[in-house]
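Colleague: My structure is below; once you've seen it, I'll send some questions.
Every read-out reported here was derived from the displayed coordinates using simple, explicitly stated rules and does not represent laboratory data. Since the model is a prediction, treat every value here as computed from it, not as a measurement. Quick reminder, even Gly has a Cβ in these numbers, built from the backbone with ideal geometry, and neighbours come from all protein chains shown.
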2 protein chains.
Amino acid sequence: MGIIMKKYKSFSIKFSLKDGHSPDRIPTRRMLSDMKGMYLDNEALESILEKGDLCIYEFYELGIPEKSSELAFGTTIINPGKVGDEYFMTKGHFHEKLETAEIYYCTNGHGYLLMEDLNGNVELQEMTPGVSVYVPPNFAHRSINISDSEPFIMFFVFRADAGHDYKTIETKGYRKLVIEKNGKPEIIDNPKWK
Amino acid sequence: MGIIMKKYKSFSIKFSLKDGHSPDRIPTRRMLSDMKGMYLDNEALESILEKGDLCIYEFYELGIPEKSSELAFGTTIINPGKVGDEYFMTKGHFHEKLETAEIYYCTNGHGYLLMEDLNGNVELQEMTPGVSVYVPPNFAHRSINISDSEPFIMFFVFRADAGHDYKTIETKGYRKLVIEKNGKPEIIDNPKWK
């Protein structure tokens, strides 16, 4: 009985609505040096790195058991900034279990959720505080901070056994990129897409 | 191809972080008259009803397909108030698929999430803005607004095929109740529990 209780215990965890951070856990950090090859402008990336590495984004992983009956959740915090003309963004990934959905809820900042499936369908949703997005099954998803000053913060939930396939995006890239042109975000074809 | 796109399209929907409401949809409302028999003090309930019905809580249902790969989400908004000494609350329910978890994220107000399983294990989590709660598989869950002035607002996500079993709680009641005593919330045994 004690074991069952331990296994199924509820818990609470705070994620600040303002900065997205939890006082109780340490987030995973993706540094610019972890993102080599993911931005269009490699030279711009290298020239920033010469001055010092930067944190592009952070996210929380809570170690929920990877079972189909369980839900994993946490926050993603993307800092403002650009590599060349391209906004700071997450790597983006498919779920290993391709058919599983994901839910995002924005609590701060201004960004895009860029989605694409293996058939070339591309979808984009704009997020501001209070906007939730339904990411349909089979779509890779990447979050992009289009503000020049504020972090872009989202609370996320996915089926805990969904898994992360980063490899496909790392290898092929995204079909579309979001860059700044004349002070505004613009979606362009990715010339590096394989 | 057109059909596949329709089926899997992403969408965004706003739920105000302040009041929990969406400008795009109409929430389901639970009135006091829908809650007959769920509060300890039936006389107090009837005497409020004599003066007129009240909205106890509202929640959004988005019609996500009820499949294990999909996630249902929305907000619950519980108004402040009491029936006798008992705080305004949701009916509470088990999932029909008992083994499925649920995630809550509080954006406003002050409340409790009261959980119990069929073996009599009871768990309580306190929620304030920014607090998320993991509801483990097999636990009925009820939300309770313990503020005397503010709505208690939560964003929720569950597996879309989880289903709602309200019947068990409507018939048996909850083992525990949350009442106000000397201006503070107190958890007591439910004398009506069957």
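Colleague: To the nearest 20 Debye, how big is the dipole of the protein assembly as shown about its Cα centre, given +1 on the beta carbon of each Lys and Arg and -1 on that of each Asp and Glu?
Modeller: Working: 48 positive and 58 negative charges, 101 e Å.
In total the dipole reaches around 480 debye.
Colleague: Straight-line reach from A:K67: which lysines have Cα under 26 Å away, leaving out those fewer than 8 places along the same chain?
Modeller: A:K6, A:K7, A:K9, A:K14, A:K91, A:K97, A:K167, B:K7, B:K9, B:K67, B:K97
Colleague: Something else now. Which distances, in nm and shortest first, link the A:G63 label point to the same label point in every other copy, taking 7 Å along Cα→Cβ?
Modeller: Label point to label point, same position, other copies: 4.3 nm.
Colleague: Another question, then. Under 14 Å from the Cβ of A:E180, count the other residues' Cβ atoms, weight Lys and Arg +1, Asp and Glu -1, and hand me the total.
Modeller: On the way: positive: A:K82, A:K181, A:K184; negative: A:D41, A:D85, A:E86, A:D148, A:E186.
Net of charged neighbours comes to -2.
Colleague: What would the Debye formula give as log10 I(q)/I(0) at q = 0.11, 0.12, 0.16 Å⁻¹ for the alpha-carbon point model of region B:2-81, no solvent?
Modeller: Debye curve over Cα of region B:2-81, log10 I(q)/I(0) at q = 0.11, 0.12, 0.16 Å⁻¹: -0.45, -0.52, -0.76.
Colleague: Taking every pair of alpha-carbon atoms in region A:60-102, give the share separated by more than 17 Å as a whole percent.
Modeller: Details: 455 of 903 pairs.
Tail of the P(r) past 17 Å holds 50 percent of the pairs.
Colleague: Mind checking which of B:H21, B:H164, B:H110 has the largest fluctuation in a GNM of chain B, springs on alpha carbons under 10 Å?
Modeller: With Cα springs under 10 Å in chain B, the top fluctuation among B:H21, B:H164, B:H110 is at B:H164.
Colleague: Quick one: the Cα spread of chain A along its three principal axes, in angstroms, biggest first?
Modeller: 61, 37, 31
Colleague: Taking a point 7 Å out from Cα toward Cβ as the label site, list the nm distances between A:R25 and the same residue in every other copy, smallest first.
Modeller: Nearest to farthest, the other copies are at 2.5 nm.
Colleague: What is the sum of charges, Lys and Arg at +1 and Asp and Glu at -1, for the other residues whose Cβ falls under 10 Å from the Cβ of B:H95? Walk me through the numbers on the way to the answer.
Modeller: Details: positive: B:K97, B:R159; negative: B:E96, B:E99, B:E102, B:D161, B:D165.
Here the count lands on -3.
Colleague: Can you tell me the 0 to 90 degree angle between the C-alpha axis of helix A:42-51 and the longest principal axis of chain A, rounded to 10?
Modeller: Taking the Cα atoms of chain A, the angle to A:42-51 is about 70 degrees.
Colleague: Using a 10 Å cut-off around each Cβ of peptide B:108-118, what is the average number of partner chain Cβ atoms that fall inside? Please list the in-between numbers first.
Modeller: Numbers: counts 1, 0, 0, 0, 0, 2, 0, 3, 0, 3, 0.
Average neighbour count from other chains, rounded to a whole number: 1.
Colleague: Can you find, among A:F73, A:N119, A:T107, the residue farthest towards the positive end of the dipole of region A:1-148? Put +1 on the C-beta of Lys and Arg, -1 on that of Asp and Glu.
Modeller: Projecting each Cα onto the dipole axis, the largest value belongs to A:F73.
Colleague: Residues of B:158-171, mean number of Cβ from any other protein chain within 10 Å of their own Cβ, rounded to a whole number? Please report the intermediate quantities before stating the final value.
Modeller: Details: counts 3, 7, 1, 0, 1, 0, 0, 0, 0, 0, 0, 0, 0, 0.
Going residue by residue through B:158-171 and averaging, the value is 1.
Colleague: What does the structure give for A:120-129 when I average, per residue, the other chain Cβ atoms found within 10 Å of the residue Cβ? Intermediate results must be reported in sequence, preceding the final value.
Modeller: On the way: counts 0, 6, 0, 5, 2, 4, 1, 2, 2, 5.
Going residue by residue through A:120-129 and averaging, the value is 3.
Colleague: Out of every Cα-Cα pair in the protein assembly as shown, what percent are more than 32 Å apart? Kindly include the intermediate steps, with their values, before the conclusion.
Modeller: Numbers: 27623 of 75078 pairs.
Of all Cα-Cα pairs in the protein assembly as shown, 37 percent lie more than 32 Å apart.
Colleague: Let me ask another. Restricting the calculation to Cα positions, tell me the Rg (one decimal) and the Dmax (whole number) of region A:34-84 in Å.
Modeller: Taking only Cα atoms of region A:34-84, I get Rg and Dmax of 15.7, 46 Å.
Colleague: Identify the residue of chain B whose Cβ lies closest to the rotation axis that maps chain B onto chain A, and give that distance in whole Å.
Modeller: So the chain B residue sitting closest to the axis is B:V157, 2.
Colleague: Put the label 7 Å from Cα along Cα→Cβ for A:Y166; what are its distances to the other copies, in nanometres, shortest first?
Modeller: A:Y166 label point versus its equivalents elsewhere: 4.5 nm.
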